[in-house]
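The values are calculated or read from the model by the stated rules, or taken from the named source; none is laboratory data. Because the structure is a prediction, the values reported are computed rather than measured. Virtual Cβ from ideal backbone geometry, glycine too; neighbours counted across all protein chains shown.
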Amino acid sequence: MKVKLSKYLAFQIVGWGVFACFSIYIANITHELTWKLFTFDIFLSLIGFSLTHLYRNYIKKQQWVFFNTEKIIFNCTIASILLSVIYNGIYFALLLGANLSKSPIMTINVLWGAFISMFLLFSIWNLFYFLWMYIEKSRKTQIETLKIEGMLKDIELKSLRANLQPHFIFNSLNNIRALVDENPEQARDAITKMSNILRSLITKQDLVDLLQNELNLVEDYLSLEKIRFEERLIFKKEIQAECLTVKIPTMMLQTLIENAIKHGISYKEEGGAISIKAFINQNFLNIEIENDIELNQQNVAHTHSLGFGLDSTKQRLKLLYNEKSSFQFEKKNDRAVVKIKIPINHQNDLK
């Protein structure tokens, strides 16, 4: 684990700079401050800077940050003792060599006091350094986790979308196949519409698209379904103008409409109606899709099942918006209703 060198150097310079100023201040109080004593205190601060820098390089090389807490505390304690002994050895050697002290300095009390002072100083250095290391490690781990989660989410969303497209294509081709012998002209028109839809699906790589574009896709799809249902399929829409520029999951509407036809209207001999409403309320895009259903014994299993379309929509909403979106499916007498809420302020996070 690496701490950014610029920040580390800034802390080192500030920390040992404060130590130098404090040493000079104490020297000025207890002695007559001379250039020799001033230079001596500055030099000692540079010694402390150098010792801790070499110590830091050793920590990084041995990767102490990955040790357990007990081992780190033990290692730091031993290191603080060794650093204190080395620093004080240099300190007293220089003090004697420069003849800066007129009083006896090599007493037990003086040596012990100097050792304890520097031991505490190096212990504080260890504390701040490892706190910083753990903060950086935690931050980078969190960033990596978010990246991995984002990659997994993207893969899962693309997988769901990949499953949606063959599902849609298979049903549409079945409809066109039924027309080839009965009405070749209509079959050609349906193939043209199908090619337009496929072109749109192939060129779209984003996970979300404007509601306007998704409505166009729905209308193209319904034009294919009307080949099969003719006048038995009625489509209504009530869309607020400001909703058209809001982005929603790609193919979500088409999937829900397909689900409504497959599990609802296709079971009614007389056909039925599908309606889409979209409006904005309290920074949420609200989409409501209603369709007729036949509550007979043959269709019970279908009306109680969400089916692929609804299940995949729930998953995609959760992946794209987490808990900020909502999905609700309910039956009201002979109508099935899907209600979706999508946060508008989440749009900039989606591509």
Under 8 Å between Cβ atoms, at least 6 apart or on separate chains: pull out the pairs that start in region 56-76 with a residue that is over 14 Å from Tyr134 (Cβ atoms) and end on any residue that is at pLDDT 90 or above and aliphatic (A, V, I, L, M). none
Has region 81-95 got at least one residue that is free of Cβ contacts under 8 Å to residues at least 24 places away in the same chain, more than 45 Å from the chain's Cα centre (by Cα) and farther than 28 Å from Asn109 by Cβ? no
Taking region 206-222 and keeping residues touching a Leu at 6+ places or on another chain (Cβ under 6 Å) and either in a helix (DSSP H, G or I) or without any contact (Cβ under 8 Å) to a residue 40 or more places away in the chain (or both) leaves Leu211, Gln212, Glu214, Val218
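Restricting attention to region 189-196, does a residue exist that is farther than 30 Å from Ile13 by Cα, at pLDDT 75 or above and of a type in the set (Val, Ile, Thr)? Quick ask: steps written out before the conclusion?
Narrowing region 189-196 to residues farther than 30 Å from Ile13 by Cα: 189-196.
Still in the running and at pLDDT 75 or above: 189-195.
Filter once more, keeping what is of a type in the set (Val, Ile, Thr): 191-192.
Yes, some residue in region 189-196 is farther than 30 Å from Ile13 by Cα, at pLDDT 75 or above and of a type in the set (Val, Ile, Thr).
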If you go through region 237-261, how many residues are of a type outside the set (A, V, I, L, M, F, W, C), crowded, with 17+ Cβ neighbours inside 10 Å and either part of a helix (DSSP H, G or I) or touching a helix residue (DSSP H, G or I) at 6+ places or on another chain (Cβ under 6 Å) (or both)? 6
So, first residue under 13 Å from Leu222 (Cα atoms) and assigned by TED's automatic domain parsing to the domain that holds Glu214 in region 188-200, second residue among the hydroxyl-bearing types (Ser, Thr, Tyr) and modelled with pLDDT of 80 or more, Cβ within less than 7 Å, six or more apart or across chains; the pairs are Lys193/Ser223; Ile197/Tyr221
